[in-house]
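Below: one structure, written as structure tokens.
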Amino acid sequence: MLLALLTLACTSGTTGTGTDSVTPGHDTDTATTTDPAPACDALDTWADGLEPSRELHVATTGSDTAGDGSSGSPFATLVHAVDQATPGTAVRVHAGSFGNAYLEDVYGTADAPIWIGGAPGEEPPVLVGASEGLHLSGGAWLVVHDLVIDSARDNGVNFDDRGDYDDPEALHHVIFQRLEVRDIGGDGNQDCLKLSGLRDFHVLDSSFADCGGGSSGSGVDMVGCHRGVIARNHFTRTSGNAVQAKGGTDDVLLLWNRLVDAGARGFNLGGSTGTEFFRPPLDPEGENFEARDLRAVGNWIEGSEASLAFVGCVDCSATHNTLVDPDKWLFRILQESVTDADYSFLAAGGGAVMNNLVVFARDAVSTDVNIGPDTDPDSFSWSHNLFYASDAPGDSAPELPGTVVGSLIGVDPGLDADGLIGPDSPAVGAGVSGTGVMGDRLGACYEEPPSIGSVEGADR
């Protein structure tokens, strides 16, 4: 599964519903917008090539009683339209402001999904206010796209498995694409996108900003989710973290995302979950984990107390990321769910950190790697990473646990404002090959050997 997800085709490609891939409110990297033919950026999904056989329309001028869902006589609410949707239906929500929507048991099929989203060629509709902007309980084979979720009191978008923790058919095969979720919650653990028990999913080309408050709240919060890809998203001012994956989550790829001031832990790989909420349920006779096989690849992570935290995460990896100015730690290795009389938990361990470019202020970083009790730090490996303390280059060498090879220490990588490196950067060609990573954050193919960081060196 690792190589299947990481080895991306070295061709230009598009993903999703067949409309263009402009993200509402998304700050696109300059190099992305000016590159006429990006390569090595293809991301395939199960919905590619599928088209709706029927459309139902929703508009602010519509009526749920007098309308028939046609473009000339639309419905008034998303809920009513989805209630009429059958496999192969596209629910087209036209531009305007709408209330929240609560949906139950919405099932398309593998060859005839249900699309829920904005109308092609229009500004995306806005679901405003209420407790949650969009909540689905139970469903499969869905594409949710081109929506703005604004100012919900609790979660922005919440998809759950109806509490059927051990039923893999309760919630699966969902694509979220080109969403803008903003100003969610306020002072606690509120999430922009909350996923519980979801399997086989994609979160693509979306933006998440101002989620939760204090040290809680995630851009994307997963509990017991499996086989997912979270790619090309923008996370800003998420209070707790950009992405959290816990509660038995496994096999998730975090690819080509941009994080800016994304909370206390940029990526929280693992976490702490009440024992009753794991999906599948905990095994009293086996070895359990908060998270396993999470892969952070090709991301830009700027700010946060710690760029990456491995928290009860087993066999997780970070490859080709660019980490800029963490506030307190470069990395954390923690264990928040520990073995007790009822359940045994595997310790955070087996981590692989490769080809990452780390620029930090020595004066700001208190400890390079914050290591908590009940972890297995000696099982971590660190290969061909570049560490540069911008305020004290001579004091750039981090203290790292486990096995360390091929580090570049104290050399200025020459990052520009877009995170690009020039042909003379010491990061160029200094990475280790054989990771299976084909493309960088801006769509270019990595050379052999690859450059260190989330962007391949220019003009090689």
Filter result for the condition that a residue is without any contact (Cβ under 8 Å) to a residue 24 or more places away in the chain and more than 14 Å from L323 (Cα to Cα), over S366, S383, S433: S433
In the range 263-325, which strands (runs of 3 or more DSSP E) lie fully inside it and hold 1 or more residues that are crowded, with 24+ Cβ neighbours inside 10 Å and of a type in the set (G, A, S)? 265-270, 291-297, 306-311, 317-319
In the range 126-152, which residue that is farther than 19 Å from S196 by Cα and without any contact (Cβ under 8 Å) to a residue 40 or more places away in the chain is surrounded by the most Cβ atoms within 10 Å (Cβ to Cβ)? V126
Among the residues of the range 205-226, how many are surrounded by fewer than 24 Cβ atoms within 10 Å (Cβ to Cβ) and assigned to a strand (DSSP E or B)? 4
Condition test on T339, is it in a loop (DSSP other than H, G, I, E, B), more than 23 Å from the chain's Cα centre (by Cα), hydroxyl-bearing (S, T, Y) and buried (at least 21 other Cβ atoms within 10 Å of the Cβ)? no
If I ask for residues that are at positive phi and touching a helix residue (DSSP H, G or I) at 6+ places or on another chain (Cβ under 9 Å), which ones from the range 176-226 would you list? G224
Boolean, L420 is at pLDDT below 95 and under 17 Å from D325 (Cα atoms): yes
Which one of G121, G133, G129 is more than 19 Å from the chain's Cα centre (by Cα), of a type in the set (G, A, S), under 22 Å from G213 (Cα atoms) and at pLDDT 95 or above? G133
Out of all the residues in the range 157-183, which are in a strand (DSSP E or B) and out of contact with any Leu (no Cβ under 9 Å at 6 or more places or on another chain)? R182, D183
Just checking, does the range 326-333 include any residue being buried (at least 18 other Cβ atoms within 10 Å of the Cβ), basic (K, R) and either touching a strand residue (DSSP E or B) at 6+ places or on another chain (Cβ under 9 Å) or in a loop (DSSP other than H, G, I, E, B) (or both)? yes
Give all pairs with beta carbons closer than 8 Å in which a residue from the range 388-405 that is in a strand (DSSP E or B) meets a residue that is aromatic (F, W, Y); count only pairs at least 6 apart in sequence or on separate chains. Y388/F360; A389/F360; T403/F380; T403/W382; V404/W382; V405/W382
Residue hits (the range 30-81; among the β-branched types (V, I, T), at pLDDT 95 or above and surrounded by fewer than 16 Cβ atoms within 10 Å (Cβ to Cβ)) are T60, T61, T65
For V91, only one of the following conditions fails: (1) among the β-branched types (V, I, T); (2) surrounded by fewer than 21 Cβ atoms within 10 Å (Cβ to Cβ); (3) under 27 Å from the mean Cα position of the chain (by Cα). What is its number? (2)
Given the criteria in a strand (DSSP E or B), out of contact with any Cys (no Cβ under 6 Å at 6 or more places or on another chain) and either under 18 Å from H135 (Cβ atoms) or in contact (Cβ under 8 Å) with a residue 60 or more places away in the chain (or both), does V229 qualify? yes
Taking D416 as the residue in question, decide whether it is exposed (fewer than 14 other Cβ atoms within 10 Å of the Cβ), within 28 Å of the chain's Cα centre (by Cα) and in a loop (DSSP other than H, G, I, E, B). yes
Just to be sure before I move on: is N257 crowded, with 22+ Cβ neighbours inside 10 Å, within 16 Å of the chain's Cα centre (by Cα) and touching a residue at least 60 places away in the same chain (Cβ under 8 Å) in the structure I sent? no
With the condition kept exactly as written, say whether any residue in the range 101-111 is surrounded by fewer than 24 Cβ atoms within 10 Å (Cβ to Cβ) and under 20 Å from D210 (Cβ atoms). no
Residue pairs qualifying under the 9 Å Cβ cut-off, at least six apart or on distinct chains, with the first in the range 59-85 being in contact (Cβ under 8 Å) with a residue 24 or more places away in the chain and the second being part of a loop (DSSP other than H, G, I, E, B) and among the hydrophobic types (A, V, I, L, M, F, W, C), are A59/A76; A59/A95; A59/A119; T60/A76; T60/A95
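The values are calculated or read from the model by the stated rules, or taken from the named source; none is laboratory data. Only a predicted model underlies this, so the values are computations on that prediction, with no experimental measurement involved. Glycine gets a Cβ as well: all are built from the backbone with ideal geometry, and neighbour counts include every protein chain shown.
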